[in-house]
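S.K.: Just dropping this structure here.
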Amino acid sequence: MSGRPYIHSEEEDAQLAAVARGDKFAFEQLYDRYAGGLEKYIYFITRSKEVTEEIIQDVFIRIWQKREQLPELDSFRAYLFRIARNQVISWLRSARPRHKIVELDESLAGGSRADADHLVLYNQYYKMVLDAIALLPERKKEVFLLSLEEDLTLDEIARRLHLTKSTVKQHLYSATTSIRDYLKKYGNVSSALIIFLTLFES
């Protein structure tokens, strides 16, 4: 992230309102403020500058497409990183069949073996996430998947499932905690696991 401090919440509220009205300059300012932090977070997992840049672009495209919702957010940063988390997990889901160790070894310069092993490890963690999701009670699973796969907000999930926002938030928190606990229980302790667990911070 750039060295600039976060702007005061009232100023950010005004900026989000401007973006919601379609102000592209305000959107560019929002991108400049947050893209650097996202880059570090995403690159820790993908180990690919190209993939990282693609994911960041996808994240901000989604934000622009749903810009009308921005003034209603309790925390833009939390919203931003939730979308990034979901995009990273979607990439992990698609990366497993697309990449093989040999292909990575051939395509990555220097340290390719480590990067290949890194991706395989994250894909193993992703498989564990699928196992953990399968163990969730049906309603918690439904809420979590709507958040993960469709990037729905708490309000959108609440409307979809005819639940209160507080109930959805509780289900999502509980589901996320269960998945984190499952990963801690069955994943080998490593720096990669610690980083991966940040994807499921409540």
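The values are calculated or read from the model by the stated rules, or taken from the named source; none is laboratory data. All values derive from a computational prediction rather than experimental measurement. Ideal geometry is used to build each Cβ from the backbone, glycine not excepted, and the neighbour counts take in all protein chains shown.
S.K.: Please work out which one of (1) crowded, with 16+ Cβ neighbours inside 10 Å; (2) assigned to a helix (DSSP H, G or I); (3) modelled with pLDDT under 85; (4) touching a helix residue (DSSP H, G or I) at 6+ places or on another chain (Cβ under 6 Å) is the condition Phe144 fails and give its number.
M.R.: Result: Phe144 passes all but (3).
S.K.: Using the structure shown, decide if Glu39 is closer than 30 Å to Tyr125 by Cα, over 16 Å from the mean Cα position of the chain (by Cα), part of a helix (DSSP H, G or I) and of a type outside the set (Gly, Ala, Ser).
M.R.: no
S.K.: Report yes if Asp131 is under 22 Å from Leu80 (Cβ atoms) and not polar (S, T, N, Q), otherwise no.
M.R.: Details: under 22 Å from Leu80 (Cβ atoms): no; not polar (S, T, N, Q): yes.
Taking the combined requirement at face value, the residue does not satisfy it.
S.K.: What number goes with the only condition from (1) touching a helix residue (DSSP H, G or I) at 6+ places or on another chain (Cβ under 6 Å); (2) touching a residue at least 12 places away in the same chain (Cβ under 8 Å); (3) farther than 16 Å from Tyr79 by Cβ that Tyr43 does not pass?
M.R.: (2)
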